[in-house]
Amino acid sequence: MTYTVAQILSKMPEAFLPEKAAGLEAVIQFKLTGSEAGEWYVTIQDGKCRVDAGASPAPKVTVSADSGDFARIITGEMDGMQAFMQGRLRIAGDINLATRLLSIFKIK
C-alpha cells in the first residue's frame, strides 16, 4: 500500500513503539522536497510521540529527502541506508538516532 507523507506522519504516534525508545528524549526534524514538500518534526518524550508541522528550534537530528523517497523508506519499500549512500537521504545531527528511526516506528 502506498501512503502519502501526510498519512505517514499522521500514523506516526500510533506506530510509535515506546519499548524500542526507552529513555529516548529527542526531536527529529523532517525536511521534504518534491510533490509533498514541507517540514515536520517529531517529538519523542516520556514514552510518547507527537508530530507537528513546521521547523523545530533545536532538533537532535534532521532528515532531508524527496517526499516520495521518504514515504518508500518509512514503509520499507526502499532501503534507508542505500538511499543515504546514494545521496537521496541526507542526515544532519545525531546519525545514530537516525539509524534507529525505523525500529522505533512500525508503519504498516
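The values are calculated or read from the model by the stated rules, or taken from the named source; none is laboratory data. Every value quoted in this text rests on a predicted model; they were computed, and no experiment measured them. Here the Cβ is made from the backbone with ideal geometry for all residues, glycine too, and neighbour counts use every protein chain on show.
Points worth noting:
- Annotation note: Cβ proximity below 8 Å between a residue of segment 1-15 that is over 12 Å from ILE74 (Cα atoms) and of a type in the set (Gly, Ala, Ser) and a residue that is surrounded by 13 or more Cβ atoms within 10 Å (Cβ to Cβ) and at pLDDT 90 or above (sequence gap 6+ or interchain) occurs for ALA6/GLU36; SER10/VAL51.
Each row is one residue, and each column tells you yes or no for (1) surrounded by fewer than 17 Cβ atoms within 10 Å (Cβ to Cβ); (2) of a type in the set (Gly, Ala, Ser); (3) under 10 Å from the mean Cα position of the chain (by Cα); (4) within 15 Å of ARG88 (Cβ to Cβ).
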| position | (1), (2), (3), (4) |
| --- | --- |
| GLU14 | yes, no, no, no |
| LEU17 | yes, no, no, no |
| GLN29 | no, no, yes, no |
| GLY54 | yes, yes, no, no |
| ALA58 | yes, yes, no, no |
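- Scope segment 59-82; condition at pLDDT 95 or above and among the hydrophobic types (A, V, I, L, M, F, W, C); matching residues: VAL61, VAL63, ALA65
- Some residue of segment 68-89 being part of a loop (DSSP other than H, G, I, E, B) and under 12 Å from the mean Cα position of the chain (by Cα): yes
- Hey, THR62 over 15 Å from ILE104 (Cα atoms) and buried (at least 17 other Cβ atoms within 10 Å of the Cβ) or not: yes
- For LYS48: the one exception among (1) touching a residue at least 40 places away in the same chain (Cβ under 8 Å); (2) touching a Phe, Trp or Tyr at 6+ places or on another chain (Cβ under 9 Å); (3) surrounded by fewer than 17 Cβ atoms within 10 Å (Cβ to Cβ): (1)
- Test: residue in segment 36-43 that is more than 19 Å from THR99 (Cα to Cα), surrounded by 11 or more Cβ atoms within 10 Å (Cβ to Cβ) and of a type in the set (A, V, I, L, M): yes
- Scanning segment 62-108 for residues that are among the charged types (D, E, K, R) and either under 18 Å from PRO18 (Cα atoms) or out of contact with any strand residue (DSSP E or B) (no Cβ under 6 Å at 6 or more places or on another chain) (or both) gives ASP69, ARG72, GLU77, ASP79, ARG88, ARG100, LYS106, LYS108.
- Residue list for segment 33-61, restricted to those being closer than 20 Å to GLY23 by Cβ, of a type in the set (D, E, K, R) and in contact with a strand residue (DSSP E or B) (Cβ under 7 Å, 6 or more places away or on another chain): ARG50, LYS60
- Residue pairs meeting the criteria (Cβ under 8 Å; at least 6 apart or on separate chains; first hydroxyl-bearing (Ser, Thr, Tyr), in segment 60-76; second at pLDDT below 95 and in a helix (DSSP H, G or I)): SER67/VAL5; THR75/ILE8
- The number of residues in segment 55-67 being in contact with an Asp or Glu (Cβ under 6 Å, 6 or more places away or on another chain), in a loop (DSSP other than H, G, I, E, B) and of a type outside the set (D, E, K, R) comes to 1.
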